[in-house]
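What follows is a single structure, written as structure tokens, with notes after it.
The values are calculated or read from the model by the stated rules, or taken from the named source; none is laboratory data. If you're wondering where the values come from, they're calculated on a predicted model, not measured in any experiment. Positions of Cβ are generated from backbone atoms using ideal geometry, with glycine treated the same way; all protein chains shown enter the neighbour counts. Ligands, DNA and RNA are stripped out before the accessible areas are found, and what is left, the full protein with its side chains, is counted by its heavy atoms. Shrake-Rupley method; radii C 1.70, N 1.55, O 1.52, S 1.80 Å.
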Amino acid sequence: MKNYLFGTSYYPEHWNEAVREGDPKLFAEANYNVVRMGEFAWSLLETEEGKLDFSLFDQTIESLAAKGIKTIFCTPTAAPPRWLSFKYPEILRADERGIPLEHGSRQHASHFSETFRQHSRRITRELAEHFAPNPNVIGWQTDNEFHCHFSEDHSQSAQHAFREFLKSRYDSIEELNTAWGTSFWSLDYQNFDQVETPKNNRPAASNPAHALDYYRFLNWGVTLFQREQVEILRKANPNWFVTHNGVFEHIDYHGDFCQDLDFLSYDSYPFFEHDPSKRPAFAAFSLDWTRAYAGNFVIMEHQSGPGGQGNYFHDNPEPGEIRKMAWTSVAHGADGVFLFRERSCRFGAEEFWCGVLDHDNIPRRRYYEVSQLGNELKAIAPKLLGSEVSVQIGIAGGDFVNDEAHLPLSLGLPKPKSVARILHRHFYENGYEVGIVHPQDLDNRIQTYFIPHYTYIDPEWIPIMEQFVRQGGSLIIGARSGTKDQNNNVIATSFPGALSELTGVSVEEYGAQNNPQARALPIRFGIFETPTSLWYESLSLSANTTAIGSWNARHLEGSPAISLRPLGKGKVVYLGTYFDEKLLPQLSLYLQSMDILCEPGFPKKPRQVEITSRQDDAHRYTFVINHGDRPIQFQPEHGLGTALLGYKNEQNEIELEPYDVAIFQSPQKLQES
Ligand code: GAL
């Protein structure tokens, strides 16, 4: 980003002229420098096929520009107009029983429908060419939240496209049969025409390899759908940036989908976590998870009031909470923040999705708080642009195959993302700088790297992991890792397969723990003994590997449960069970005592305080965030530099009001000493 973006989602189509006239001034006084528009306005932009009218948006863009506010426009394909689905019902996507979705909300068109794609290209081209010469349109969002409500598609268009996708993946039907293991339950296909998407109308469990290819197919379809729009936009004006707001299932944001964009955006609604004490960790995890896909990001929608839809209505953020959440997003890598939404709409499915302004358009505390935030961002954010979030502890995340392969055959075990969340929360709450890192991006800026039960280990990751360890990193791998191949079939060799050599481990026996109370399987390591849950593995170890923990019950008594292999300057640890909340506190202490895990940067910070930093070549920016509803004062363990926001008192303590934030800047050298 060249400039820090601060703005809102604006829907001029929802308001009359009198209200619209006052908006540029209101927005300028809220310190916005940009708005996002158009993502659901197709029926207004094109009232019937070929009848285009962009005048409302032309006028709005101009009157905002007069106040110094630029526009991000959106391709409007998330809300196809009724005339389109009425005239071309074949554009509708179909649910898991093959029943077409209907007009009446949004996201009901199929990315695989050639008719819909033609219309998507056409409206994108019309808009792109129209706005290309307009200097006040600075960039684009494609569609809106692909796969948000509904990510599957079993329409006829999808059936046809699925076969094409499979033909591009497999040279012959025999190859597909082998990859999917169709000899099981007589599932063999004689030709591609017989293959269907895995609908939810089978009498028993269906084939996990079929399911994984179907998820790959959904990702492929949405990526191509988006790419067609991106190419049109880039051709019309190469200076525009293009982004998309995520993140949802069945999209490989670490892959081509984001390669086609300038940056990924994220829509942040921390109040979906109803427990205020868990909300900070919940938000930090979501932000870190987003950053793992494509680096720094923009918050395209930021909670700016209580959200309400259907049968739920969030708590109203208390005074200071919106500002605090926005600064938290910045601390975790946001290089721009847009509120959602500018004003609560009086009608429609989200009439109680509350905005910065209430329905009556009277500025109240949320508006003044946002305006304060805008003022602060104006002063501070330009320094932060492009700086990276610092991470001591990395947790593997954001890998499409691992996340998706788990879905059709979970065995009742938590998905890798859920375990990553547990690990993240543990380190986050204990004063570590923790982040999510895709295995391909692993390097020695991180000290310790956890792999939360990645059943698929891409052979290309092995040299990256090995180099990481040889250069001093600690690699800690959870049970069941490496047990499957890229087709979602079980590997033919002993577990952990591709990781056997690196870990020095071979799994002798494994099993689930469905009732650990009845048949407890504690692990003993050092001075600790802790219960385990979900899973056990007993390990046999190669010559260069030692047991640093063993099972302490039943027929496993004495058999290795945790292994350590020193390698170069680093260490590889394999844990023969699942990471969970009971195990982690003691395991962390034990690993610290063995120099496998580093010490936290701020072990004594108050629990309600988060300390997160971003850094560039010259500076470190430390964010101290009071997530609690009580004022707090405390003395951080290290000097944090000069205050850009917030202050220290005479005793050199940081004092923070409820939900308050302080930001400090220090030269990198100060931190190192
Ligand atoms: C997002 C979406 C917005 C709005 C918001 C509140 O998922 O992009 O259009 O629906 O949530 O529900």
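Is segment 579-586 home to any residue that is open to solvent by less than 20 Å² (accessible area, probe 1.4 Å), among the hydrophobic types (A, V, I, L, M, F, W, C) and more than 29 Å from Lys278 (Cβ to Cβ)? Checking segment 579-586: not a single residue is open to solvent by less than 20 Å² (accessible area, probe 1.4 Å), among the hydrophobic types (A, V, I, L, M, F, W, C) and more than 29 Å from Lys278 (Cβ to Cβ).
Remark: Leu564 falls outside the filter, which requires a residue to be within 23 Å of Leu413 (Cα to Cα), touching a residue at least 24 places away in the same chain (Cβ under 8 Å) and more than 30 Å from the chain's Cα centre (by Cα). Output yes when any residue across segment 293-300 is open to solvent by less than 20 Å² (accessible area, probe 1.4 Å) and at positive phi, and no when none is. Within segment 293-300 (the criterion being open to solvent by less than 20 Å² (accessible area, probe 1.4 Å) and at positive phi), the answer is no, since none of the residues qualifies. For segment 389-443, enumerate the residues that are over 17 Å from the mean Cα position of the chain (by Cα) and charged (D, E, K, R). The answer is Glu429, Glu433, Asp443.
Taking segment 1-29 as the range and being within 16 Å of the ligand (Cβ to nearest atom) and open to solvent by 30 Å² or more (accessible area, probe 1.4 Å) as the test, the residues that pass are Glu13, His14.
Residues that are within 27 Å of the chain's Cα centre (by Cα), closer than 21 Å to Arg346 by Cα and touching a residue at least 12 places away in the same chain (Cβ under 8 Å): does segment 15-33 have at least one? No, segment 15-33 contains no residue that is within 27 Å of the chain's Cα centre (by Cα), closer than 21 Å to Arg346 by Cα and touching a residue at least 12 places away in the same chain (Cβ under 8 Å).
All conditions in (1) assigned to a loop (DSSP other than H, G, I, E, B); (2) within 16 Å of the ligand (Cβ to nearest atom); (3) of a type outside the set (A, V, I, L, M, F, W, C); (4) touching a residue at least 60 places away in the same chain (Cβ under 8 Å) hold for Ser329, with the sole exception of (1). Can you find a residue in segment 61-83 that is at pLDDT 95 or above, among the aromatic types (Phe, Trp, Tyr) and out of contact with any strand residue (DSSP E or B) (no Cβ under 7 Å at 6 or more places or on another chain)? No: segment 61-83 contains no residue that is at pLDDT 95 or above, among the aromatic types (Phe, Trp, Tyr) and out of contact with any strand residue (DSSP E or B) (no Cβ under 7 Å at 6 or more places or on another chain). Of all residues in segment 274-290, those being out of contact with any Asp or Glu (no Cβ under 9 Å at 6 or more places or on another chain) and buried (at least 21 other Cβ atoms within 10 Å of the Cβ) number 6.
Of the residues making up segment 9-50, those that are under 24 Å from Ser265 (Cα atoms) and hydroxyl-bearing (Ser, Thr, Tyr) number 4. Screening segment 513-590 for strands (runs of 3 or more DSSP E) wholly inside it with 2 or more residues that are of a type in the set (Phe, Trp, Tyr) returns the ranges 534-541. On the given criteria, is Lys87 closer than 28 Å to Ser151 by Cα and either touching a residue at least 24 places away in the same chain (Cβ under 8 Å) or open to solvent by less than 50 Å² (accessible area, probe 1.4 Å) (or both)? So Lys87 fits the description; yes.
Cβ-Cβ distances below 7 Å connect the following pairs, each with a first residue in segment 439-455 that is in contact (Cβ under 8 Å) with a residue 12 or more places away in the chain and farther than 17 Å from Pro600 by Cα, a second residue that is among the hydroxyl-bearing types (Ser, Thr, Tyr) and crowded, with 19+ Cβ neighbours inside 10 Å, and a separation of six or more residues or different chains: Leu442/Tyr449; Ile451/Ser481; His453/Ser481; His453/Tyr578; Tyr454/Ser481; Thr455/Ser481; Thr455/Thr483. Of the residues making up segment 342-352, those that are open to solvent by less than 10 Å² (accessible area, probe 1.4 Å), of a type outside the set (Asp, Glu) and assigned to a loop (DSSP other than H, G, I, E, B) number 2. Go through Arg122, Arg163 for me and flag whichever is more than 25 Å from Gly50 (Cα to Cα) and open to solvent by 10 Å² or more (accessible area, probe 1.4 Å). The match here is Arg163.
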